[in-house]
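Following: one structure in structure tokens, then a few remarks.
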Amino acid sequence: SVTESFARVIHGLTVEHLTDRVIQRSKRMILDTLGVGFLGTNTEVFHKASEYSKIYSSNVASTVWGQPDLRLPPTYAAFVNGVAIHSMDFDDTWHPATHPSGAVLPVLVALSEALPPSPKCSGLDLLLAFNVGIEVQGQLLSFSKEANDIPKRFHPPSVVGTLGSAAAASKFLGLSMTKCREALAIAVSHAGAPIANAATQTKPLHIGNAARHGMEAAFLAMLGLQGNKQVLDMQTGFGAFYANYSPTVLPNLDSHTWLLEQQDVAFKRFPAHLATHWVADAAASVRKHLVTDRALLPTDRIARIVLRIPDVQYVNRPFPDSEHEARHSFQYVACATLLDGGITVPSFHKCQINRPQVRELLNKVELEHPQDNLPSFNTLYCEISVTLSDGATFTERSDTFYGHWRKPLSQKDLREKFRANASSVLSCHTVERLTEIVENLEDLEDCSVLTTLLKGPSSPELVSKSI
């Protein structure tokens, strides 16, 4: 069965199956995910989730990243760290559409602390389980044509992310093939969240819940809980999430090829829905026609702004009034880029969203949906036309923004993004040490070196002693 083939792959993959390209790409994903997770601990939604999680206690506890005084049971540490990662929509994005890392990395970090200290968990152990969790998500997405499009019904990380988390946890815990299969079956009953909660404080919970529920599924499978043995084969199983679900048996391990080998991820340069990055790119190009040197944008001379983009309703928000709505607004990202020349983390602060100049420009924005502009992160484009009061029109188009898998961030720029994000919580010394460890993760003999650094603010002297 399809389900059996997934269990066989999860159980059977070894570090020898990892390729250099997969290791390098996944290390970049891990570094980026840690950075946005640290930054996310400053958000309101993180504080609400962590306060809720404090009601749980356990003899076994794992680190909440960047919070040296807060430790939680592994499932809830994974939950709040997952919420932090997605709290600003700053985490990596794949094709078919999902945020692959946020549901998996918090699980493995929490488990590495919760497991007995002997035998030690190595960096290669973590990389293998991480890639198993990513692979399962990608394979499940490949079974549906609907999944190729930007979602309309379910938020993908809450669906495939939950099973990716279960797969990664199962691998890291060394479950048998039978129990790997049971973990997947249990995880399916934990999966799914409607897209209606996008652009709200609830959306980050989708990643946190995927991490937590996947780990819980693996723990329950360890204890012998059983589920449907063909849950991935059936339209009434995992197929319930997709109208055109068509699963196939995975190839044998001797012919296994990682999806991450073939398809890289996108890393965001600012914290907003991925589709808005094309809009920012095109708007920055148009702005060069309107502003010279350091002059201000002549907002009073702009008569009309037209965005030609795919029809993605949940990113169509003409007048956003919260940071979460602004992160999911084609219109806001276009206007803020025209005004400021670019988008940064502070661009989504309330005071920035409510600027009179922004509101003035938002009133002038119109959307058009060309028939050839499909709602897919692999093919979409943005064309923006700005017409002035004298009739002059300037048009620019973006087919691929910097950070997309076709135009990947350089290692230098990825490292700078991590530094900027992580330094909001950690000392410069710890940030540099973490960068070094992650970039050489395959050589790390004991993951406790990594988790010690994730605990949060500490002096360079204490960090040096701990490593």
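The values are calculated or read from the model by the stated rules, or taken from the named source; none is laboratory data. Model, not experiment: these values are computed from the prediction. Every residue, glycine as well, gets a Cβ built from its backbone with ideal geometry; the counts of neighbours run over all protein chains shown. For accessibility, only protein heavy atoms count, side chains too; no ligands or nucleic acids. Shrake-Rupley method; radii C 1.70, N 1.55, O 1.52, S 1.80 Å.
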message: I'd like the full set of residues that are in a helix (DSSP H, G or I) and surrounded by 11 or more Cβ atoms within 10 Å (Cβ to Cβ), limited to the range 243-256.
response: L253
field: All positions within the range 214-242 that are within 24 Å of the chain's Cα centre (by Cα) and assigned to a loop (DSSP other than H, G, I, E, B)
entry: L232, Y242
- prompt: Among the candidates P100, P96, P151, which residue alone is surrounded by fewer than 24 Cβ atoms within 10 Å (Cβ to Cβ) and part of a loop (DSSP other than H, G, I, E, B)?
  reply: P151
- request: Tell me which of these W65 doesn't satisfy, since it passes every other one: (1) in a loop (DSSP other than H, G, I, E, B); (2) surrounded by fewer than 23 Cβ atoms within 10 Å (Cβ to Cβ).
  value: (2)
- line: The residue from A49, A61, A77 that alone is modelled with pLDDT of 95 or more and outside the structural domain of K350 (by the TED database) is A77
task: Name the helices (runs of 4 or more DSSP H) wholly inside the range 325-404 in which the number of residues that are open to solvent by 60 Å² or more (accessible area, probe 1.4 Å) and not acidic (D, E) is 2 or more.
output: 350-353, 356-362
statement: Quick count over the range 354-389, residues being hydrophobic (A, V, I, L, M, F, W, C) and in contact with a Lys or Arg (Cβ under 9 Å, 6 or more places away or on another chain), is 6
message: Which condition from (1) at pLDDT below 95; (2) charged (D, E, K, R); (3) surrounded by 24 or more Cβ atoms within 10 Å (Cβ to Cβ) is the one that E113 breaks?
response: (3)
- line: Pairing a residue in the range 211-239 that is more than 19 Å from Y76 (Cβ to Cβ) with any residue that is of a type in the set (G, A, S) and open to solvent by 40 Å² or more (accessible area, probe 1.4 Å), where Cβ atoms lie under 6 Å and the two sit 6 or more apart in sequence or on different chains, gives Q230/S1; D233/S1
